[in-house]
Structures are given as structure tokens and as C-alpha cells.
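The values are calculated or read from the model by the stated rules, or taken from the named source; none is laboratory data. From a predicted model like this one, the values you see are computed outputs, not experimental measurements. Backbone-built Cβ (ideal geometry, glycine too); neighbour counts: all protein chains shown. Side chains are part of the model used for accessible areas, which takes the heavy atoms of the whole protein and leaves out ligands, DNA and RNA. Shrake-Rupley method; radii C 1.70, N 1.55, O 1.52, S 1.80 Å.
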There are 2 protein chains.
Amino acid sequence: MNLENAFANFTRRDWERESVDGTVRLAIVGVGGFARQRALPGIADGEYCETTVLVTGSPERTTTAAEEFDVSHVLDYEAFLEGDHADAYDAVYVATPNAFHGQYAVAAAEHGKHVICEKPLETTLERARAVVDACEDAGVTLMTAYRLQTEPSVRRTRELVHSDVVGEVVQVHGSFSNPLLEYADADTWRLDADLAGGGAMVDLGVYPLNTTRFILGCDSEGVYATTHSSDGAFADVDEHVAFQLEFPTGATASCTASLDAHAASRLQLVGTDGRISIASPFGGVVPHEMVVESGDMRMEYTGPPVDEVREEFDYFGYCVLTGTEPEPDGIDGLTDLRVIEATYESARTSRQIDLA
Amino acid sequence: MNLENAFANFTRRDWERESVDGTVRLAIVGVGGFARQRALPGIADGEYCETTVLVTGSPERTTTAAEEFDVSHVLDYEAFLEGDHADAYDAVYVATPNAFHGQYAVAAAEHGKHVICEKPLETTLERARAVVDACEDAGVTLMTAYRLQTEPSVRRTRELVHSDVVGEVVQVHGSFSNPLLEYADADTWRLDADLAGGGAMVDLGVYPLNTTRFILGCDSEGVYATTHSSDGAFADVDEHVAFQLEFPTGATASCTASLDAHAASRLQLVGTDGRISIASPFGGVVPHEMVVESGDMRMEYTGPPVDEVREEFDYFGYCVLTGTEPEPDGIDGLTDLRVIEATYESARTSRQIDLA
């Protein structure tokens, strides 16, 4: 690859290979902060999806959002499970607390609807497998909502790595931290082990985990981790996690996540012949500041960010409309849950857990 | 601490607390590339040391360096061990391959000379302990040559951390890689396990290890590591290492080192209320590019680098002349060797090794 060209048309959608007609009509199940502030606007701004149904525990408090985004139906969860207005949507975006993902995703599949499900797919590998099985049985598309896989800086990084710009990747460092309690109450479901399935690892660690696997194009074969939690709000889950992944290539990934630290994220890959660093890859709006070193060459890219949520939903819509299997499919989600469970096992036993 | 003032007088020598007369006359034992290219010029440029003796296996090939730096005596190792011209020097800088450190450091102590010894102190904890004991018995100063502890960017970082600018440090990432075979032959002593005591961990990993311990001001209580080596030149030692340290505060440090990857280094500390990042801290010339975030504030410092080798020898000279115990003392060197040995044990057993 010519390094100068690597950054040309930085935000190109390399996944968009044919022209497509129509849109996928979406039911959003679970209308929390992310759905309101990011998903609804992102979908409205995109090409291949539109939101036609909102499913929420409090329909009366969702009228403003419904009006603003011209949504035709607002249902409660029971009505959704019973299939009310199922002809008004083609696919379901599951954005509830993690422990409810399975219930609604399986119901969606049983209604014959495609599914885009927030990460992690569920709170345990076993529960997540039920989602994958249901979608497979119903013959519907299942995408795990790893928005980073449609983020241009991550896709360009993957291309650079696969084009041998940094040689063989030797060591990855990924970090993601966020002061959860600055924008959520202490009783947030994210700090409830049953509802969330875990803490920092589940909510934030999965970003460097999944993104590293995506860029390297292979699965980790071992993981070691330690977790730390203070008393109080974080007593039930991992407040901080540090984990180290082993890949079959010999590469390692040294990752950290914290629900109770300064907001920051970073991804760096060092290879035998170069280095790629992305500033703030995981925080939701990627500033598109990348440094690439290849041999003696050094290049910096700075460009305007894209709305990665719009990109994510357009990718999902495109996959549904064209019958393309999404890269972040159900298996991708299961793979990460297997690593997450192994992470906690490692933290309990102080041993590396074999994933091969 | 007022954040604006943190960078004022960035390169100040906060360790220089009294005015000092005279200089420490140094014998350099082992005149390799680092001694010629960095130590001799750094010492000459500094205030508190001067090189009066060179000790080398090939005195006839050292005449140019001796003339250039106005050195009065060039000895072979045997003459040094026998104490020839011992009245011409006050202290000894041991810069031989690691496995010979002990022999010359102990001889220096027995001659009543102060010692500054390259890192690691020796190839094993046991052999290093003999150095510490000999210096203690002789009542001479022993400094382990951790030049990063006199590097202004590291000292400023320590001050910022101890002034609570980032809150409690939660997660550290440190990395250091260097393509050894681009400037050394495959038969270099650094790839000989007996002479070096190890590979990437010993030669490079010790930088993020020691620097993190220095900044946090405490010792790690557990370590996990994996090592990887290809056949050929790296068959005898760890070509790559990834290790994760646990500190009693709950902080973790995720570190990597490689003798066979693109030249790069970085140190990042994320705390409960901020972040500090040093670009390229370990490569020998630190560019003095730091980013500090504290709450909502973000500051970048960019300034001209200093010669950290000059700083290191001036610090040693100052300590000897004022009777100050150096911070990177023998115990500091022993502590790292204990971690290094635990790192290799962890890599063999895939378990966390307890250091508490």
C-alpha cells in the first residue's frame, strides 16, 4: 500500500459495494440515553434505516422523542413481545439493559425480524447463544452493535495492518475509561451484576477487545486479567479491569478499562516495522487523529469525525437490504463473551485462561 | 498544584539543593557504544563528574576516545581488578555486559570507590545482592543507572501525580520497543542469556517497570507476563515480553517491550481525575512532549530535550559529593531484578507471581 494514499477518502464506506433501494424499518427496544441521543439521530441522518417503532417501559414519557423522529408507534414491552404492530418494522434494535437483550432479541427473531443487538449480546455466553440460535433458526440477520467496526479510523487501521504497513503486529495497547457516576446514578443497571453481566470489562473493555480482534483478524487464544473494585457503588462489579490477550500470531494486547476514571481512550499497535496510534478511538466520537509510522516514514492524519452510530446503522441496513452477513455477527458477539467470562475466571484464579 | 506552573522551569534540577565544589573522578569500566556515544560526552558536558580512567579489553583501540576526552589512564580489566591507578579515580561506572557487572562493581567497592552501575545490576537477583552487600560493607555510594529518574519529563510527571493533578492513578500503560538487529550483530551479548540475564524484559522492559515504580512511589505486589521468541538470533532470550504489574494501591501497569519491533516508546497514566502521557520517554532522547489532562483542563508541553545521560551523571556526582543517598540505589536495582525473575517465572507457569 502506498502510505500517502492510505488516508485518501478517509471516511469512505468500503463496505458499500452495490446500490440499494429502500430502507429497513426499525423498532428500537429500550429508549434510554444512548437511543435518544445517538441512535435516533444517527438513524434519521442515515440512508438505509428509519425508526418506525419505539418500545419502552414508559410510553407516556416517550412521546417527545416519537414526535421529533416521526415514529409511528410507541409500544410497551409486553405489546412488543406479543407482536403488536409487527408489520410496522422489519428489524429490531435491542438497547435495553444487557440482561434483557436475549428476551427481546429472541422475540424479534420469532416475529421474523432482523436484529441489531447492543454489546454484549447478553450477560452470559449461554444466554447469548440462545440469541444466536434463535436468529439462525428464524433465518434473520443478527448483528452485534460493535460500532467501532464501521468507524473509518478503525477500518483504515485494519487496511494498513493487512497491507503490511507496520510489518507483523507485535504488541497492542488499548485503554478505555469513563467516570460513569458523573452521568449516571449509583443505582444504574450498569453497576448491577445481574443486569449488566459485569462492570468495566463488559461495558468498556469489550471495545479494545473487539476492536483489536477486528483489526488483527484473529481470535485470542489466552487471556489473563485482574479486576479491582472499591466498596459502595462499585461493590457488585469490576470497577477497573486490566487484561492481557494472547493471539496465535504471538501478538499480545495489553488492555485496560475503568468505569471510575478520567474519560480517555487510546489504541496503539506496534509492529516489526511500524506503529499506528488512534487518539480517543472508543469514546463515541472519534476525533480522527491517527499517527502512522512505517519504517522511517511518519504520517499524521487529522480530519473531521463522522457519526459512527449513523455508520453503524447504515451498515446494518445495507447488510439486511443486500443479504450480506454483517462482520460483527452473532459469533463475533459470542467470541467476546467467551473472553469476558474467561477474564473474570482469570481474575478469580490469577491464572491465564486458555481460549484456544 | 497550579497546573500552569507545573511546566514552569521544566528542566529544573529539583534534586540540586546545595552548592557543591569539586568533581568526582570516574573510571568507566566497559567502553562500548553507549559509553562512547553517550556517557563520555554526557560526563564531559556535566558539572560534577569527570572521566579520568577508561577500563577496556582492548586499550589499544581506546586511544582515540581517551585523547578526545582527555582521559589520563587506559587500563585493561586485569589491571583494574588489581587496583592499578586506583588513586586516579573516586568512583566507577560499570558499563560492561550485565554478567560482568558484579565482578567489577565488587572490585570497585573493595578499592573503596563509589559505584554507578548500569541496569540491570546483574543477571540474577542473587548476583546483584553481592554488589549491594559489597558497596554497603565498603561504605561507598551505589547508584543503579536508571537515567529516567533524572529525566525532567519523568520527574515532572512524578510531581504532578504526587500533587494529585490526576487524582489516584488507576491504570498505567508503558511500552518500549527497538529493532536491536538494525544496529547490533546477531552475536551481540544482549541476545546471550548468560551474559545478559534475559532479553526484552531485561534490556527494555525494565524502563517502564522502574519508571512506573518511581512515579507511583511504591513497589508492585504481583506480576504476570508472557514472552515470545522466534528461532534464530532470539532463540536464547525473550524477543518480546508483555507484563502486567499490580500495585498495592489497586493501580495496574500494562507494559510491553520488544527487541525486534519498530522503535517506539510511550508512557500513559490514567487517574480518577486526569491523564498524563509522555511521548517517547524511553528511547534515550526524550522529546519533551507531554499531555496533561486534569478534570476539564488539558495542557500540552513541548520543549527542547535535555541530555538525560548528563543529568544522570551529574546527579550521581552530586550524591557522592554531598553524601546524599541516590534514589535509584542498590535496593531499587534489586527490586527490579526480583520483578524480572518473577516475570520469567510467570511466563513459564502462566500464573501471576506474588511479590508482596
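In region A:251-266, what residues drop by 50 Å² or more of accessible area when the other protein chains are put back, versus the chain on its own? Use 1.4 Å, and skip ligands and nucleic acids.
Residues of region A:251-266 that lose at least 50 Å² of accessible area once the other chains are added: A:Thr256, A:His262, A:Arg266.
Which residues, if any, in region A:315-356 have at least 40 Å² less accessible area in the whole protein complex than in the isolated chain, probe 1.4 Å?
For region A:315-356, once contacts with the other chains are taken into account, A:Ser350, A:Arg351, A:Gln352 lose 40 Å² or more.
Just to confirm the numbers: A:Thr349, label point 7 angstrom along the Cα-Cβ line, distances to the other copies in nm, shortest first?
Copy-to-copy label distances for A:Thr349: 1.5 nm.
In whole angstrom, note down how far apart the Cα centers of region B:229-269 and region B:290-356 are.
Centre-to-centre distance over Cα atoms comes out at 15 Å.
Using a 7 Å offset from Cα along the direction of the beta-carbon, what are the separations from B:Asp296 to the same position in each other copy, nm, ascending?
Between copies, matching label points for B:Asp296 lie 4.7 nm apart.
When a/c is below 1.5 the answer is rounded, else prolate if a/b is larger than b/c, else oblate, so apply that to region B:87-197 with a ≥ b ≥ c taken from the square roots of the Cα gyration tensor eigenvalues.
Verdict is oblate for region B:87-197.
I want to check the label-to-label distance for B:Asp219 and A:Ala235. Put each point 7 Å from Cα in the C-beta direction and report it in nm to one decimal.
Label-label distance for B:Asp219 and A:Ala235, simple model: 3.3 nm.
Quick one: helix A:308-322 against the long Cα principal axis of chain A, what's the angle to the nearest 10°, folded into 0 to 90?
With rounding to tens, the tilt is 70 degrees.
Residues with beta-carbon under 14 Å from that of A:Gly112, excluding A:Gly112: net charge, scoring Lys, Arg +1 and Asp, Glu -1?
Net of charged neighbours comes to -3.
So how far apart, in nm, are the two label points at B:Asn9 and B:His162 if each is 7 Å from Cα heading toward Cβ?
Distance between label points: 1.6 nm.
Relative to the longest principal Cα axis of chain B, at what angle does helix B:125-138 sit, 0 to 90 degrees, rounded to 10?
With rounding to tens, the tilt is 60 degrees.
According to the square roots a ≥ b ≥ c of the eigenvalues of the Cα gyration tensor, what is the shape class of region B:31-157, taking rounded for a/c under 1.5, prolate for a/b larger than b/c otherwise, and oblate for the remainder?
Oblate.
Taking only C-alpha pairs under 8 Å that are 6+ residues apart, what is the relative contact order of region A:15-147 in percent?
21
Please give the net charge around B:Ile340, taking every other residue with its beta carbon less than 11 angstrom from that of B:Ile340, where Lys and Arg add +1 and Asp and Glu add -1.
Here the charged neighbours net out to -4.
Decide, for chain B, between rounded, prolate and oblate: order the square roots of the alpha carbon gyration tensor eigenvalues as a ≥ b ≥ c, take rounded if a/c falls under 1.5, and otherwise choose prolate if a/b is larger than b/c, else oblate.
Oblate.
I want to check the label-to-label distance for A:Asp354 and A:Asp133. Put each point 7 Å from Cα in the C-beta direction and report it in nm to one decimal.
Inter-label distance under the simple model: 2.6 nm.
In whole angstrom, note down how far apart the Cα centers of region A:193-219 and region B:7-52 are.
48
What residue in chain B has the Cβ closest to the axis turning B into A, and how close is it in whole Å?
Chain B residue with minimal Cβ-axis distance: B:Ser254, 2.
Taking a label point 7 Å from Cα toward Cβ, how far is A:Asp236 from its twins in the other copies, in nm, shortest first?
Once sorted, the set of distances for A:Asp236 reads 5.7 nm.
Give the whole-number value, in cubic angstrom per residue, of the convex hull volume spanned by the C-alpha atoms of the protein assembly as shown.
For the protein assembly as shown, the hull spanned by Cα atoms encloses 154 Å³ per residue.
Of the options B:Leu337, A:Tyr89, A:Tyr77, report the single residue whose Cα projects farthest towards the positive end of the charge dipole of the protein assembly as shown (beta-carbon charges: Lys, Arg +1; Asp, Glu -1).
Going by the Cα projections, it comes out as A:Tyr89.
In Å², rounded to the nearest 100, what is the total accessible surface buried by chains B and A against each other with a 1.4 Å probe?
3100
What full-extension length gain, to one decimal in nm, is calculated for B:Met299 and B:Glu126 as 0.36 nm per residue of separation minus the Cα-Cα distance?
Full-extension gain reported as 57.8 nm.
Counting heavy atoms of the protein chains only and a 1.4 Å probe, report the per residue accessible area for region A:15-147 as a whole number of Å².
42
Residues in region A:299-336, backbone N under 17 Å from the label point at A:Ala44 (7 Å along the Cα-to-beta-carbon vector): list them, ranges by number please.
A:307-311, A:313-314, by backbone N distance to the label point.
What is the percent carbon and sulfur in the accessible area of region A:107-247, measuring with a 1.4 Å probe over the protein chains and ignoring ligands?
The nonpolar share, carbon plus sulfur, comes to 40 percent.
Output the relative contact order of region B:68-119, whole-number percent, from Cα pairs under 8 angstrom with separation of 6+ residues.
Relative contact order of region B:68-119: 36 percent.
Sort the following peptides by mean Cβ neighbour count (other Cβ atoms within 10 Å, averaged over residues), highest first: A:4-14, A:201-211.
Listed from highest to lowest mean packing, they are A:201-211, A:4-14.
Can you tell me the accessible area per residue over region B:239-287, all protein chains present, probe 1.4 angstrom, in square angstrom?
Here the residues of region B:239-287 average 18 Å² of exposed surface.
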